[in-house]
Amino acid sequence: MYETPAVSPAPSLIEFRDVYKLYQMGDETVRAVDGVSFTIRKGEFAAIVGQSGSGKSTCMNIIGCLDIPTSGQYLLGGEDVGQMNDNQLAALRNRTLGFIFQQYNLIPKLNVLENVELPLLYGGVRTSERARRAQAALERAGLSSKLQTYPNQLSGGQQQRVSIARALAGDPSVILADEPTGALDSKTGREVLHFLEELHRQGNTIVLITHDNSIAAHAQRIIRLEDGKVIYDGPSGGKGSVVQADEESEGTA
């Protein structure tokens, strides 16, 4: 009998192995991240969800190589982040991660093209290649007609698309989006989320950090944190997910 060949799993890009992050607050030790383990593979769209104090922001800082675990291992693209010095962390961050922030972090005195080119400039990419990659990223973001426009001449949604283009220009292994719709109205926020979904369909790996369950529902997978621990890790809308929990609570209210 013919058997369908087994499909090899996609390579893991982000791997937490029993990660702890402890902070000393006076005489008290706070476990911001308390023994967290998960793996995010190439091509996934995962949301890390939790309220204030859940540990999601600490996890984001560790994923983004802005912090390192107190104990346990964090591997990014197979490299152990905890064994790196600041220069090594910065180099790994620049070549592996594309960041999208809630407040866009665009420089007002630079036009759209220059804003998107800036991380490439810091990365030592030559001038002609910077321009090519930045223009291609802005075209993907639907902003090819705005190259010479300044941030204050754009809507909030357009500014967020510029920040997404800036993330894409570096051809990152992972797009890390921290509350990317937090500064937008609901309609514009939905447009940005639909764009992230389209980027995922094109093969990009996306990690979305949010406190909002309705935002998390746009991801395929949800990792929910509470008190520094993972309390759900599974499909969006699956049994025990944040989305289903919201629906159940509304039905019994």
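The values are calculated or read from the model by the stated rules, or taken from the named source; none is laboratory data. What you see is a predicted model; the values in this text were computed from it and never measured. Neighbour counts are summed over all protein chains in view; Cβ atoms, including those assigned to glycine, are modelled from backbone coordinates with ideal geometry.
Would you mind stating whether V36 is closer than 16 Å to S173 by Cβ, touching a strand residue (DSSP E or B) at 6+ places or on another chain (Cβ under 8 Å), surrounded by 11 or more Cβ atoms within 10 Å (Cβ to Cβ) and of a type in the set (A, V, I, L, M, F, W, C)? It would help to see each step written out before you state the result.
Details: closer than 16 Å to S173 by Cβ: no; touching a strand residue (DSSP E or B) at 6+ places or on another chain (Cβ under 8 Å): yes; surrounded by 11 or more Cβ atoms within 10 Å (Cβ to Cβ): yes; of a type in the set (A, V, I, L, M, F, W, C): yes.
Answer is no for this residue.
Which residues, taken from segment 14-45, are within 29 Å of H200 (Cβ to Cβ) and either free of Cβ contacts under 8 Å to residues at least 12 places away in the same chain or not in a strand (DSSP E or B) (or both)?
Once the filter is applied, which keeps residues that are within 29 Å of H200 (Cβ to Cβ) and either free of Cβ contacts under 8 Å to residues at least 12 places away in the same chain or not in a strand (DSSP E or B) (or both), segment 14-45 yields K42, G43, E44.
Residues checked against (1) touching a strand residue (DSSP E or B) at 6+ places or on another chain (Cβ under 7 Å); (2) farther than 19 Å from I14 by Cα:
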site	(1), (2)
S173	yes, no
P180	yes, yes
A183	no, yes
R190	no, yes
H194	no, yes
H200	yes, no
T205	yes, no
D212	no, yes
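Look at Q51 and say whether it is more than 22 Å from A183 (Cβ to Cβ), among the polar types (S, T, N, Q) and out of contact with any helix residue (DSSP H, G or I) (no Cβ under 7 Å at 6 or more places or on another chain). Full working, then the answer.
Details: more than 22 Å from A183 (Cβ to Cβ): no; among the polar types (S, T, N, Q): yes; out of contact with any helix residue (DSSP H, G or I) (no Cβ under 7 Å at 6 or more places or on another chain): yes.
No: the conditions fail for Q51.
Would you mind stating whether F45 is modelled with pLDDT of 90 or more and crowded, with 21+ Cβ neighbours inside 10 Å? I'd like the intermediate steps shown before the answer.
Details: modelled with pLDDT of 90 or more: yes; crowded, with 21+ Cβ neighbours inside 10 Å: yes.
Against the criterion (modelled with pLDDT of 90 or more and crowded, with 21+ Cβ neighbours inside 10 Å), F45 qualifies.
At least 2 residues that are crowded, with 17+ Cβ neighbours inside 10 Å, touching a Lys or Arg at 6+ places or on another chain (Cβ under 8 Å) and at pLDDT below 95 in each: list the helices (runs of 4 or more DSSP H) lying fully within segment 117-217 that qualify. I'd like the intermediate steps shown before the answer.
Details: elements: 127-140, 156-169, 186-201, 213-216.
Correct list: 156-169, 186-201.
Given the structure, is G98 at pLDDT below 95, outside any loop (DSSP other than H, G, I, E, B) and crowded, with 19+ Cβ neighbours inside 10 Å?
yes
Which number in (1) assigned to a strand (DSSP E or B); (2) closer than 22 Å to I231 by Cβ; (3) touching a helix residue (DSSP H, G or I) at 6+ places or on another chain (Cβ under 8 Å) marks the one condition that I62 misses?
(1)
Do we find a residue being in a helix (DSSP H, G or I) and of a type in the set (A, V, I, L, M, F, W, C) anywhere in segment 101-108?
Here is the first cut: in segment 101-108, the residues in a helix (DSSP H, G or I) are none.
Among the residues of segment 101-108, not one is in a helix (DSSP H, G or I) and of a type in the set (A, V, I, L, M, F, W, C), which makes the answer no.
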